[in-house]
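What follows is calculated from the coordinates using simple rules that are stated; it is not laboratory data. The structure presented is a predicted model; accordingly, all values stated were derived computationally and were not measured. So basically every Cβ, Gly included, is an ideal-geometry build from the backbone, and we count neighbours across all protein chains shown.
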Amino acid sequence: MTESEWRVTARRLAASVIIGRMSLARLLARRVGHGRRLPDGIEDLRGPASGVIVLPRHLSWPGMREFDVTDGGTRRSMYGIVLTQGQRNDVKRFLNPALLRQDWPLIRVSLDPALRRWCERRFGLDARPAPARPGEPASAAPAPGPAGPAGRR
């Protein structure tokens with residue numbers, strides 16, 4: 001084995017040892033948890049109730065930065081982006097407390113369960129799922145049994 005081949009092999013071995021020894025818990029510990037990213041309460045939210053919000057580049061893709069707050073669908077999409085990717089100041093700046101309460105039953109279903117629970121506790125949001133659509137009977141969705149929703153094990 002030549003000296004250059006030995007160096008390449010040594011580098012690969014060292015890299016695999018470093019990566020191999022790093023646990024998943026240590027990798028995830030580097031990420032900021034939900035509790036640190038969310039404001040202390042819903043009263044800290046000061047986002048607008050109308051108008052167009054332009055999200056900063058660290059929150060959205062180019063071309064998908066403008067969201068009309070008066071349009072329910074785009075607002076809920078923007079709230080989901082801010083809740084999942086935003087930092088504490090982003091959440092405070094872009095989310096309106098009244099609109100978050102109004103839209104929560106629809107937003108909550110698209111969030112990670114851990115983030116959903118944090119938001120519900122921190123902001124005092126209702127943990128119930130979205131109501132039935134207009135014209136749809138309330139009994140159309142099966143009620144979850146003791147083991148959870150049907151088909152889930």
| remark: Residue hits (region 71-83; surrounded by 13 or more Cβ atoms within 10 Å (Cβ to Cβ) and either charged (D, E, K, R) or free of Cβ contacts under 8 Å to residues at least 24 places away in the same chain (or both)) are 74, 75, 76, 77
| request: Take region 84-106 and flag every residue that is surrounded by fewer than 16 Cβ atoms within 10 Å (Cβ to Cβ) and not polar (S, T, N, Q). | output: 88, 98, 101, 105
| said: I'd like the full set of residues that are closer than 18 Å to residue 102 by Cα and either of a type in the set (Ser, Thr, Tyr) or under 17 Å from the mean Cα position of the chain (by Cα) (or both), limited to region 42-57. | reply: 42, 45, 50
